[in-house]
Each structure stands twice: as C-alpha cells, then as structure tokens.
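The values are calculated or read from the model by the stated rules, or taken from the named source; none is laboratory data. Everything numeric here is computed off the predicted structure, so don't read it as measured data. Because the Cβ atoms are built from the backbone with ideal geometry, glycine has one as well, and the counts that use them run over all protein chains shown. Just the protein is used for accessible areas: all its heavy atoms, side chains included, with ligands, DNA and RNA removed. Shrake-Rupley method; radii C 1.70, N 1.55, O 1.52, S 1.80 Å.
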Amino acid sequence: MPALTHDVLNQSVPLEDVNLLDADLALREGLEREGAGWAVDRARDTGAVAGSAEAQEHGRRAERNEPRLVTHDRFGHRVDRVDLDPSWHWLLRGAVEREIHALPWRDPRPGAHVARAALELLWTHADAGVMCPVSMTYSAVPALRRTPELAAEWEPRLTLPDYDRGALCGMAMTEKQGGSDVRANTTRADPAGDGWFELTGHKWFCSYPPCDVFLVLAQAPAGLSCFLLERGPGMEFQRLKDKLGTRSLPSAEVEFRGAAARLLGDEGRGVATIVEMVTHTRLDCVIGSAAGMRRGVAEAVHHARHRSAFGRRLAEQPAMVNVLADLAIESEAATASALRLARAYDENDAPLRRFATAVLKYWVCKRATPHAAEALECLGGNGYVEESPMPRLLRDAPLNGIWEGSGNVMSLDVLRALAREPDGLPAFLAECELARGGDARLDARLDALEPPTDEWSARRGVEDLALAFQASLLVRHAPPAVADAFCAGRLGEARGRAFGTLPASVDGDAIVERALAT
Ligand SMILES: Cc1cc2nc3c(=O)[nH]c(=O)nc-3n(C[C@H](O)[C@H](O)[C@H](O)COP(=O)(O)OP(=O)(O)OC[C@H]3O[C@@H](n4cnc5c(N)ncnc54)[C@H](O)[C@@H]3O)c2cc1C
C-alpha cells in the first residue's frame, strides 16, 4: 500500500531524451544562417546524445564524483595524477570524437567555426566542465602555428578526433600575484640551449592538469615569453582548487621545477603569441555562456509547462510568461551573437572579430549569472535541490565572466581596441547598421551610440554597444515577437531591471512557444 501522504501530484518530469537541436529553433536557424547548414545532421546527432538521459546522468555523476589529486604513489614517488570518474571520460571522449576541440583546423571549410560553436552549444548541456580542455585545445592551435616546427609536431595530435591517441592542451598564465596583469608573472625561463628553456615558478590556476601539453608564460632573458611545455618531470601538481562551480573539472596549482619547455613565437613576445589562444577561448566563453542561458530557458519553460499553481499551468500565467519570455529573448540574443561571432572567425574578418569578441565576451558572460538565478527561481524549491540541473547551472555561470578577462578587463580591452585598432568600431557598427530601418528603437539607439572614452564609463559604453549588436541581429533574423520584445525590454524607455519586466505590448506567448520546441 502506498503511504497515504505520498501521492506525487503536480510534479514535472526530467527534461531528458529530447533532441536539443530540434528543441532550439534559434540555434537551428542560426546554424543555417551563419553558413553551417552542412552541419545540421551532425548537430542533430550531438543534440540527441547530449540531451539523452544517459548523457545527463554522466554529467551528474562527473559533478558528484569530484576529481581527486594523487601526488605520490604508495612508495613515495611523485606521480602527479588526477583520478577522474569514468563519466568524465565519457563526456570528454564524446566532445573529442565530435571534433569540438578541432573541427575548423581539420576541416577548414566555410562555416566550420559556426558548426563547431553549435556543437559546443549542444554538448555543454551534458557538462560544462569538459568544455574547458576542449576549448583550450581548440584555441591553442592558432598560437602553435606561430612556430611551424612545433605546430608540425603537435597539431596532428591535438586535432585528432580520437580520445585515446590524441592529445589535449592546457594553459598556464595566472600566478598568485596577478592573473589579469600577466606581465607581472615571475615564473623564470632559463635558456638550456638548442631552443630549450627550463621553467621555474608557480602557477595559481592551471585547469585540467592531465593535459599533454601546456602553453605557459614565463620571463625569459628578453622578457615575457610563451612556451610549449609537455607534462612530465619538473611539473608538479600542488593541489586542486576547491571551486564554486565546474566541479567536475580539476583546476590545479602547479609548480615548475626546471621543467623543460620550448619557445613558442618570439622571445619577449609572449603576450602577442598567447593572445591567439586567448582570443579563441574568449569566443568560447561567449558560446559557453550562451549554452548556459539556453539550458536555463529550456529547463524553466519545461517546468512551467508541467507545473500548476492556483489552478493553472505556470506557463499560462502572465507574470510567469513575462519572466520566461524575458529569459528566452536574452538566450536567443546570446545564441545569435555567439554564432555571428563564430562566423567572423570563419571569414577571418579581423576587425569585427577583434572588436566584437571583446564586447560580447563582456556582455554575454555578464548576463549568464543573473539569467541562471532567475531560471532557477522558475522551478521554485525544485530548482534549489541538487538533483535538479539548476544549482550546477548557477554555480557554473560566473566562470566565463572571470576566465580569460574579467568584466573590467574586457571593458578596458574595448577601450584598448578603440585606441589601437581603428577598423574595429566601424566594422562593428556596420554590422549593427544592417538592421537600420527595422525598428525605431534600434535606430534611435544607433543614433545615440557613444563608444566609451574612459575607464569610468567603459562598462556602460560596452553594454550599449553589445545591446545594439544583439538587437540588430534579432531585428534582422528573429521572429517579430522576439525582436520587438528585445528592443522594448533592452533599448526602449520601458526597460526594466530584473527579468520579467517586459512591457505589456510584447507577445510573450509567442516567445515562450518558440523557446522550447518539444
Ligand atoms: C575555474 C577557473 C579556472 C581557471 N583556469 C585557468 C587556467 O587553466 N589557466 C590560467 O592561466 N588561468 C586560469 N584561471 C585564472 C583566470 O584566468 C584568472 O582568475 C583571471 O584571469 C583573473 O585573474 P585574477 O584571478 O588574478 O584576478 P585579478 O587579475 O586580481 O582581478 C581581480 C579583479 O580586478 C579587476 N581588474 C583587474 N585589472 C583591473 C583594472 N586595470 N581596472 C579595473 N579592474 C581591474 C578584474 O576584472 C577582477 O574583477 C582560472 C580561473 C578559474 C576561476
């Protein structure tokens, strides 16, 4: 006999065994629009696997069974190993076999960066943690190409879609005394002859220390330089960070004790060399944040369609529709931005790529945390418990905002781009102007746009630029209900502060209907 008090009523069901591509109209349309229509089938395969109950369980397991550092064997020899749950390997293998770490380098046809972005947007639903080594490996290749001999040696392995025979690349820049200001690095690189150096020093954050190789910044005789270091003798894992989020991913403190490394790029030009990697990881921060927002919307809408309160489904109640619609337009703007930005990488559109990466890295990442918190709230108490995906989503959300340039650093980077690269802003504004005439509120915003001129106003100016870019994309490509709500909620007089403050004129039902096509 079931206990009389234990009828399970009015509960939702897990959002599982759903094809994440088919459910996401904004992504499907964007994939075609930005030049990667050829990748729809592989994206659909990835969407099916990432949305499966099996993948979701692997994600939960990898998060629960956290990585464990093993520094020594039982006889006292250093082993510097991280023990990882089999689910971690399942997830990372799945990403590598889908070429998310390498697609544009293996198959550089038009749309390859966009296709890869779509695969990343989908696989992140299974686990955001594995995307860190995937992203670093993808991003390392353009930096490696600065030294053709090293690229010839390592690129074939780093781009292999084979988890067992391929290799992964990490990065070690950040030190205790400063992460943003890498010029303050104190790790030393002493010449050892024949292009080799010995690295001595400590790195404060080094994610996925099991990587095969790392790009490391260190002070050589001619100044801060970039090195390629193979994991092995002289590189010791000190401890793993006990982190707020991405708990499935080991992030370590590492010590270099005369570790052998080779110079990458020119000596004394370390920042200029590693910036090739940093630029691509910044693109991935945008993609990763867009993926998190998409997950939040999907879970919130799904829950609201299954849960009733006061006699009606939550998804039918105006106050909830306003919240869901507001979350949905933010997510759609982020997805559209990520895919458009990826196309700038495909087209090697250097001015737009440079400028838009800085602006969007700032803004899309900044929106991820409040978005995750609001999406969580849509599930009420059910969103607050660890069996739900929402706590993980919220814990993971701030990372992309910190990594590879925190908010201030990114807004200052926009100032730097304005000062040093005169083609960037015109290319960015030309993209925004393509929507001119499509919405009066956007036209007014474009007329009034004032790029930031000083550090104090940097964030505000970058925010305005980002919103103009996103509105332009939605006005041109999204259904009228989405574009109208975005312009009303983000540009117009009626804009509110929290999510769920869209004006009454918007068509919330149409937006929510579109937000989860299941
Ligand atoms: C989970 C995780 C994984 C990571 N993995 C890696 C990794 O694999 N490899 C690696 O090298 N690093 C890694 N990092 C480090 C990360 O890149 C740094 O934390 C980041 O660059 C910021 O550096 P910091 O922590 O030293 O903060 P700081 O540089 O001290 O910055 C602190 C704050 O000051 C602000 N700030 C800095 N300069 C200015 C300025 N001029 N004006 C105004 N404000 C300013 C920043 O925006 C930030 O908000 C990781 C970090 C995390 C959280």
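Separation of the stretch 466-518 from the stretch 313-337 is 8 Å, based on Cα centroids. Accessible area of His89 (1.4 Å probe, protein heavy atoms only, ligands and nucleic acids ignored): about 60 Å².
Can you give the direction-averaged projected area of the convex hull of the alpha-carbon atoms in the chain, in nm²?
Working: hull surface 104.6 nm².
That works out to 26.2 nm², a quarter of the Cα hull's surface.
Accessible surface of Trp204, taken over heavy atoms with a 1.4 Å probe and every protein chain present, rounds to 80 Å².
Sequence-distant contacts, meaning Cα pairs under 8 Å at least 6 residues apart, place the relative contact order of the stretch 414-466 at 34 percent. Each label point was placed 7 Å from the Cα along the Cα-to-Cβ direction; for Arg64 and Asp17 their separation is 2.0 nm.
Taking the Cα centroid of the stretch 60-109 and of the stretch 135-201, what is the distance between the two, rounded to the nearest whole Å? Cα centres, the stretch 60-109 to the stretch 135-201: 18 Å.
What does the convex hull of the Cα atoms of the stretch 379-506 come to per residue, in Å³, rounded to a whole number? Provide the component values of the computation, followed by the final result.
Numbers: hull volume 18.5 nm³, N = 128.
So the per-residue Cα hull volume is 145 Å³.
Give the shape of the stretch 70-198 as rounded, prolate or oblate, defined through the alpha-carbon gyration tensor: a ≥ b ≥ c are the square roots of its eigenvalues, a/c under 1.5 means rounded, and otherwise the shape is prolate if a/b is larger than b/c and oblate if not. Numbers along the way, then the final one.
Values: a/c = 1.66, a/b = 1.23, b/c = 1.34.
Judged from the Cα gyration tensor, the stretch 70-198 comes out oblate (a/c at least 1.5, b/c at or above a/b).
Using 0.36 nm per residue, how much length does the chain from Asn348 to Leu449 gain when fully extended, once their Cα-Cα distance is taken away? Gain on extension, Asn348 to Leu449, equals 33.7 nm. The number of Lys pairs in the chain with C-alpha atoms less than 20 Å apart, excluding pairs fewer than 8 positions apart on the same chain, is 6. A dipole drawn for the chain from +1 and -1 charges on Cβ atoms has a positive end, and of Gly311, Ser52, Ala272 the residue lying farthest that way is Ala272.
Rounding to the nearest 20 debye, state how big the charge dipole of the chain is about its Cα centre with +1 on each Lys and Arg Cβ and -1 on each Asp and Glu Cβ.
Working: 60 positive and 75 negative charges, 126 e Å.
Its charge dipole is roughly 600 debye.
Once you keep just the Cα pairs under 8 angstrom separated by 6 or more residues, what percentage relative contact order results for the chain? Rounded, it is 14 percent for the chain. Taken about its Cα centre, the stretch 76-214 carries a charge dipole of about 280 debye when Lys and Arg each add +1 at the Cβ and Asp and Glu each add -1 at the Cβ.
Applying the criteria of a DSSP loop state and at most 14 other Cβ atoms within 10 Å to the chymotrypsin sites (Phe, Trp or Tyr not before Pro) of the stretch 68-101 yields Phe75. Relative to the Cα centre, the charge distribution of the stretch 376-432, modelled as +1 at Lys and Arg Cβ and -1 at Asp and Glu Cβ, gives a dipole magnitude of about 140 debye. Which cross-chain or sequence-distant (5 or more) residues have an amide H under 5 Å from the amide H of Ala259, H modelled 1.01 Å from N in plane? When sequence neighbours closer than 5 places are left aside, the close amide H contacts are Leu199. Distant-in-sequence amide contacts of His202, defined by a placed amide H-H separation under 5 Å and a gap of 5 or more residues or a different chain, comprise Thr187, Phe256.
Which trypsin sites (Lys or Arg not before Pro) does the stretch 346-437 hold that lie in a coil by DSSP with at most 16 other beta carbons within 10 Å? Intermediate results must be reported in sequence, preceding the final value.
On the way: sites: Arg353, Arg354, Lys361, Lys366, Arg367, Arg392, Arg395, Arg416, Arg420, Arg436; in loops: Arg436.
Passing sites in the stretch 346-437 are Arg436.
Spacing of the modelled spin labels on Arg312 and Ser457, each 7 Å from Cα toward Cβ, amounts to 4.5 nm.
Among the trypsin sites (Lys or Arg not before Pro) within the stretch 37-108, which fall in a DSSP loop and have no more than 16 other Cβ atoms within 10 Å of their own Cβ? Before the final figure, lay out the partial values.
Values: sites: Arg42, Arg44, Arg60, Arg61, Arg64, Arg68, Arg74, Arg78, Arg81, Arg93, Arg98, Arg106; in loops: Arg74, Arg98.
Of the trypsin sites (Lys or Arg not before Pro), the ones in loops of the stretch 37-108 whose Cβ has at most 16 other Cβ atoms within 10 Å are Arg74.
Think of the stretch 435-518 as having a plus end and a minus end, set by charges on the Cβ of Lys, Arg, Asp and Glu; of Val462, Ala478, Leu491, Ala478 sits farthest toward the positive end of this dipole. Computed with a 1.4 Å probe on the full set of protein chains, the accessible area for Asp447 sits at about 110 Å².
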